[in-house]
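Engineer: Dumping the structure here so I can ask a few things about it.
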C-alpha cells in the first residue's frame with residue numbers, strides 16, 4: 001500500500017491592477033520536500049486576458065510565468081534563485097509580493113500520487 005505524501009500548493013494569480021486587489025487564477029505551483037518534487041504550470045487564456053482592458057502586455061506576462069517555471073525546474077537560465085534547493089525555490093516563488101503575478105498563501109495536503117493531484121487541482125482552480 002502506497003503511503004500519503006505531504007505537499008504544499010499555491011495558486012498563481014494575475015492581478016491586473018494591484019491597488020484594486022482583483023485577480024484571476026492562471027497557474028499552480030506544488031511542492032513536496034520529502035519527495036523532492038516541485039512543479040509549476042500555467043494557463044493564461046488570451047480571450048480572458050483581453051477582457052481585462054488592461055495596459056499589461058500578454059507576452060510580458062507569459063515571459064514572467066516562464067521564469068516561474070525555470071526557477072521551479074532549477075534551470076540554469078532561471079538565475080540564482082533557480083540554483084537554490086527545492087524548498088527554498090518554493091518559498092521564493094510563493095513569497096508575498098506586490099506585483100501583477102502573485103501567488104496565494106501555500107495550502108497543505110496529502111496525496112498518494114502527486115502528479116495526479118496536481119492535475120486535479122490545476123483543473124479545479126485554474127482551467
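The values are calculated or read from the model by the stated rules, or taken from the named source; none is laboratory data. This one's a predicted model, so the numbers in the text were calculated from it and none came from an experiment. Methodologically, a virtual Cβ is constructed for each residue, glycine included, from the backbone with ideal geometry; neighbour enumeration extends over all protein chains shown.
Engineer: If a residue has to be without any contact (Cβ under 8 Å) to a residue 60 or more places away in the chain and in contact with a strand residue (DSSP E or B) (Cβ under 6 Å, 6 or more places away or on another chain) to count, how many in region 32-45 make the cut?
Structural biologist: Within region 32-45, the first condition is being without any contact (Cβ under 8 Å) to a residue 60 or more places away in the chain, and the residues that meet it are 33-34, 36, 38, 40, 44-45.
From what is left, the residues that are in contact with a strand residue (DSSP E or B) (Cβ under 6 Å, 6 or more places away or on another chain) are 38, 40, 44.
Result for region 32-45: 3.
Engineer: Continuing with the same structure: Quick one: which strands (runs of 3 or more DSSP E) sit completely within region 37-127 and have at least 1 residues that are farther than 22 Å from residue 20 by Cβ, touching a helix residue (DSSP H, G or I) at 6+ places or on another chain (Cβ under 7 Å) and modelled with pLDDT of 95 or more? Let's see the steps before the verdict.
Structural biologist: Numbers: elements: 37-42, 101-103, 107-111.
Fully inside region 37-127 and qualifying: 37-42, 107-111.
Engineer: Can I ask one more? Please determine whether any residue of region 20-36 is under 15 Å from residue 100 (Cα atoms), at pLDDT 95 or above, crowded, with 17+ Cβ neighbours inside 10 Å and out of contact with any helix residue (DSSP H, G or I) (no Cβ under 8 Å at 6 or more places or on another chain). Reasoning before the result, please.
Structural biologist: The initial filter retains those residues of region 20-36 that are under 15 Å from residue 100 (Cα atoms), namely 20-27.
Keeping just the survivors that are at pLDDT 95 or above gives 25-27.
This time we only want the ones that are crowded, with 17+ Cβ neighbours inside 10 Å, so: 25-27.
Applying the additional criterion that residues be out of contact with any helix residue (DSSP H, G or I) (no Cβ under 8 Å at 6 or more places or on another chain) yields none.
Within region 20-36, not a single residue is under 15 Å from residue 100 (Cα atoms), at pLDDT 95 or above, crowded, with 17+ Cβ neighbours inside 10 Å and out of contact with any helix residue (DSSP H, G or I) (no Cβ under 8 Å at 6 or more places or on another chain).
Engineer: Next up: When residue 55 is evaluated against the numbered criteria (1) surrounded by 13 or more Cβ atoms within 10 Å (Cβ to Cβ); (2) over 11 Å from the mean Cα position of the chain (by Cα), which criterion, by number, is the only one it fails?
Structural biologist: It is condition (1) that residue 55 fails.
Engineer: I would also like to ask the following. Go through (1) without any contact (Cβ under 8 Å) to a residue 60 or more places away in the chain; (2) surrounded by 13 or more Cβ atoms within 10 Å (Cβ to Cβ); (3) closer than 18 Å to residue 30 by Cβ and name the single condition residue 85 misses.
Structural biologist: For residue 85, the failing item is (2).
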